[in-house]
Structures are given as structure tokens and as C-alpha cells.
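Below is one structure; the comments refer to it alone.
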Amino acid sequence: MIKKLFEIAGEQKKDLRKGTVLTVIESLFAGAPLFILYLTLNELFSASIDTQKVMFMVIGMGACFVLQGIFFYWASIVNNKAGLRIMSDLRIRLGEHIRKLSMGFFSDRETGDLNNIINQDVKNIEPVPSHFYPLLVAAIVLPLFIASFLFFIDWRMALATISVIPAALISLKVSQNILKRLAKQRAKSASIANSRIIEYVQGISVIKAFNQTGSGFKKFEVAMADYKKTNVDLVVKVAPLLVAFQAILELGIAIILLCGSYLFLGGELSLTVFLLFLVLGLRVYAPIQNIFEYIAIMRIMDASMERVLEVLNREPLPEPDYDPELDRFELEFKDVWFRYEDTDVLKGVSFTVPQNTITALVGPSGSGKTTIAHLIARFWDVDSGEILVDGRNIKDMKTDRLLSYIAMVFQDVYLFNDSIVNNIRFGNKDATKEEVIAAAKAAQCHEFIEKLPDGYDTIIGEGGATLSGGERQRIAIARAMLKDAPIVILDEATAYVDPENEILIQGAINSLVRSKTLIIIAHRLSTITTADQILVIDGGKVIEHGRHSELVSRDGLYKRFWEKRQKARGWKITKV
Ligand SMILES: Nc1ncnc2c1ncn2[C@@H]1O[C@H](COP(=O)(O)OP(=O)(O)OP(=O)(O)O)[C@@H](O)[C@H]1O
Ligand SMILES: [Mg+2]
């Protein structure tokens, strides 16, 4: 548990250690007055009282209190600062790390789960370094210090005092094992509950449209009930052990009383020492009683730490040390095989896209077109074969460098809950407002943006919910245009193929791709016919390739596809 804390502390380990040392010193000053008290009592009960000595001891005791106060203050400052730094560093480290992971990591997990780790688990850990960890250190050091002092006074009574501790520790250990398991379950069910909330809220329009409010809500309700159950379980199963732990420690006082009376009556123990043990016995047990609570809380947080560390320790895609700059941007797939899970999605795909040409990928839904686009940007690594840019395997390039060469417009455009200008500026954060407007004009979105209430400063809802699909795509094109990367990958969305949008988007694409290497997953006829090369993808393979005129003259999938498209187009135009 402590090891994990230090692992999470990262670069702040030093501060955490400093805080620990200060807390230990603070505990020593908290225990020292008891020692002085004993010496003072001894002096007071002795035959000849040396008042100067007593005065000296009283001053010493006062000094201990003051020093304890100072160290307490110092330790709190160091611990709190370390805690806050650890947490802010941790959030940044997580963000940085996630960016480098393969996209496989994200599809393996539910969004709510990752969200829960970054938000809830990190928040759970928050009070550990600044609060519970120092309390735990103090709760361990103080009893140890007092107990060793007790041995110094009377070893028999000291043994009696600590005799219950092993039994208490056993019950602590048992509760730890149970807690560990239950805390993990709790974290998991919290995560599921969170995923269900997100799913419920995000899917609310579908749920309403299909009149499934009842069953949609049911799933959500079940997850909440499960979360409640794991919490109740945690309390119900751990409470008896807590009671046992407390009872064992209470028994300690009875043992001190018994043993003390025996020795006292036998004339082997002075009344002062007997009373001192009765008082100090409580000072040994009180912090130990707290340990149970701190460890229980830290256990729950331990489950969170484990989940955070699992993400942090996940290996990022391997990257080379050297980082060559490229000046030509020819792209080549060489016998690429790829699978997400069990079945191959790409089965030996090979093609070349010469620099500054347009390649259109067409093919049925699910044939692997988007996958090809994602592999170029190295969201995943290929299973076998190679993807080359300028003859260099993309695995031999730093991902940041590779991505700087690529501008992508995804099939499902994601826009941030921010102003339009910032969303476009995402393509190049140094762009001026004029450059943003120029890109928007070229991407044919200037007109509709101007009509919005706050123009370029209009805030669009999360995911771009307040814009139409076609508008979102054009904003994404403006974003890609601003990036001005030599390779452009455009995954057109099928949904927006109405004639007006087609003309607008085509205009946007034409200005985007001037002297660029373009790969376009095309659904629009105009893009397909003007492409330098068309690759027909079916079942993860390139089954035909050539120019439009060549492909329509062959009797293949492309010809059928083309005929169907033309019919659809005719239907659309008459409809409009
Ligand atoms: N993240 C993923 N995890 C597992 N399987 C996936 C994942 N993404 C896609 N697939 C599967 O891989 C196959 C190819 O998907 P891909 O998205 O490349 O198709 P596509 O040709 O782009 O289809 P569309 O025209 O509908 O966009 C599909 O069977 C799909 O279910
Ligand atoms: Mg696709």
C-alpha cells in the first residue's frame, strides 16, 4: 500500500519522505512530555525535592509542546504541499500517458471506466498523501515510542501492556484481507455505475426515440443497486472485526490492572509506576485504535491506487530514439494484416499512394476502410506487414512526428465543448483569428458560423451536439486545413450526402488538398470520379484498383457500387 503510494508520488517522492520524517519528529515530541512527566513525578515523590530540577523539567515539557506544535505545522505544510503536487502531477502524468497508448486500450474499456479512473480514483487518492498517510505514520510511531519508554520503566508491566497487541494485529490482518477484496469490488461496481450513468445520459435521445425509457432506466437502476450493495457489504463484513479489534485493545487495560495489582500487592511495584502504566496504556492503545480506521480508509483508496497504476504502467507503443524528418510523403502499405480481437479485419492489404495524389477507398460497410485510415496514424500497430511513409516504416518514427505529418477528418467528428474558433484552432494552436477565418472560408463554413448568435465565439455543446452533421464535418475540414499537414486522411460520413452539402464539402475538400497526399474514404461521386486511383476494399482486401473510367468498364464490385450510387443520386435529386 505504502509502496504504491510512493510509486504514485513519482517525482514528489522526496517531499513525501521529508513529510514522513517531520511527522516522526512531531510524534516524538508528542511522546516526550510523558517521559518528562514520569521523571517529574519521581522527583516529587522522592524524599528531597530539588525544585530547580522540577522547574527545569516543567520548562522542558513546555518546550516539547512548543516544538511539537512547530513540527506539526511544518509537517502539515510539507505533507499538504506534497499531496497537492502529487495529485496535480498524477493527473498530468495520466493525461500524457494515455495519449501515448494504443487505441486498443480505449476500445477495451468502457468510457465510464476510464473516466472513473481519471476522476474518481484520482480523487479517492487525494487525501492519502496529505492526510491519511501522515496520520498513519504518527499512529505507528507514537505507540512504538511510548512502548519502548514503558520497557525502560518496568519491563514486566510493559509486556503486560503490549500483550494484547499481537491479537489485535491478527484481527487487523484478517480485516485487511476482507477489505482488500471488498474494496476492489466496490471500485469495480462504482465504475460500472458510472459507465451506466454516462451511457444513460449520452443515449438519452435513442432511449426516448425508441420509447425505452423504462428498460434504459432499469440497467441504470440495477447498477446503482449493485453499488449500494457493495458499500453495505463493506460495512457489514468489516464492522464485526472492528468491534473485535477495539475489544481486544480494551482488554489490555484490564490486563494492566490485573498484572499491576498483583505486582503492587506483592510490593514489587510502586504506586507511581502503576498509575503511570494505567495512564500510558491508554496512550498506547488510542493511536492503535485509529490505525484500524486509517488502514481501512487507505485500503479503499488502495483499490483506486491499483487502478491508476495499472493505467500508468501500461506500456505505450514502442518508439525509436532517433527522429528523422521526412520531405517526401509517398505512402505505402505492404502486405498489412491486422485484427482487433479474434478475426482478421485486414488480410494482406498492399497499395501505394504517390505523393500529392488523391486515392479514394470505397467498399461496403465493415470492409476495413476506417481501420486502414487509423493504422496510418498508428492508432494501432499492424500485426504483420509494413506501413511506410517515404520508404520508412512508421514504427521507426516518433508518433508525435508522424502525427504532425497527418491531418485527419474522422467519420464521426468530435468537437469540444468550446467556442468554434478554438475548435478550429485545435488544428494549429498558434493560428491567428484571421487564419482561422481563412480556413473556415475555404472549408465553406464561414457563412453558417457568421449566422450563429456569437459568430466564431459561439460555444458548441459537447461532441458538437448543437450543430448539424454536415456542419460538423466542414468544421473538422477547416481544422485539418489549419493544420496544413502534407498527408490528409478524410473519412467521409455517409449521412451527409445531400446535394447541397455535397457541393459545399467538395469545395472544402478541393481547397484542403492542394498539393497534398490525400486518402479519402469516399461516398460522394464527385470525389470518386476525380481521384487518381480508387481502391475497392472488400472483406479486408483490396479487390480492385484503378481509375474510375477503368473500373466502370470492368464487371466487378465497383461497377455495381457505381450503378447503385447513381440510382441513389437520381432519387435524391428528384426528391429535392
Ligand atoms: N475498435 C474496434 N474493435 C473491434 N472491432 C472493430 C473495431 N473497429 C472496427 N471493428 C471491426 O472491424 C471491421 C472493419 O471496420 P471499419 O470501421 O474499418 O469498417 P469501414 O469499412 O470503415 O465501415 P464503414 O463504411 O461502415 O465505416 C468491422 O467488422 C468492425 O466491426
Ligand atoms: Mg468507416
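Before moving on, here are some points about what is shown:
- Whole-percent P(r), the stretch 176-284, all Cα pairs, 5 Å bins from 0: 2, 11, 13, 10, 9, 7, 7, 7, 6, 6, 5, 5, 4, 3, 3, 2, 1, 0.
- Amide H contacts of residue 534 (H built 1.01 Å from N, under 5 Å, at least 5 apart or other chain): 360, 546, 547
- Across the alpha-carbon set of the chain, the Rg to Rh ratio works out to 1.17, Rh being the Kirkwood radius.
- Across the chain, the mean sequence separation of Cα contacts (distance under 8 Å, 6 or more residues apart), normalised by length, yields a relative contact order of 14 percent.
- For the stretch 385-391, 3J(HN,Hα) per residue [Karplus equation, 6.51 cos²θ - 1.76 cosθ + 1.60, θ = phi - 60°, Hz, x = Gly/Pro]: x, 9, 10, 10, 10, 6, x
- FRET efficiency, residue 253 to residue 398 (Cβ-Cβ, R0 45 Å, nearest 0.05): 0.10
- Global form of the stretch 2-312, assessed from the alpha-carbon gyration tensor, a/c cut-off 1.5: prolate
- Bridge orientation summary for the chain: considering DSSP beta bridges with both residues in this region, about 55 percent are antiparallel.
- Over the stretch 340-444, relative contact order from alpha-carbon pairs under 8 Å, at least 6 apart, %: 13 percent
- Overall shape: prolate for the stretch 89-153, with the ratio a/c of the largest to smallest alpha carbon gyration tensor axis at 1.5 or above and a/b above b/c.
- Tensor-based shape of the stretch 412-484 (alpha-carbon gyration tensor, a/c under 1.5 rounded, otherwise prolate or oblate): rounded
- Note on residue 445: accessible area is roughly 0 Å² with a 1.4 Å probe, heavy atoms of protein only.
- The chain: DSSP helices with Cα axial extent of at least 15 Å and average Kyte-Doolittle hydropathy no lower than -1.0: 13-45, 51-100, 133-153, 165-202, 213-265, 271-312, 469-483, 499-512
- The stretch 331-404 versus the stretch 428-487: alpha-carbon centroid distance in Å: 28 Å
- Computed over the stretch 416-456, the convex hull of the alpha-carbon atoms projects to a mean area of 2.8 nm².
- Per residue, the chain reaches -21500 deg cm²/dmol at 222 nm when only DSSP H runs of four or more residues are counted, each adding -39500 (n - 2.57).
- Once the chain from residue 560 to residue 52 is taken as fully extended at 0.36 nm per residue, the excess over their C-alpha distance is 171.9 nm.
- Within the shell defined by Cβ-Cβ distances under 14 Å, the residues around residue 281 carry a net charge of 0, with Lys and Arg each +1 and Asp and Glu each -1.
- Percent of alpha-carbon pairs separated by more than 21 Å within the stretch 53-168: 64 percent
The values are calculated or read from the model by the stated rules, or taken from the named source; none is laboratory data. The structure presented is a predicted model; accordingly, all values stated were derived computationally and were not measured. For neighbour counting, all protein chains shown are included, and Cβ atoms are generated from backbone atoms with ideal geometry for every residue, glycine included. For the accessible areas, the whole protein counts, side chains as well, though only heavy atoms, and no ligand, DNA or RNA atoms are used. Shrake-Rupley method; radii C 1.70, N 1.55, O 1.52, S 1.80 Å.
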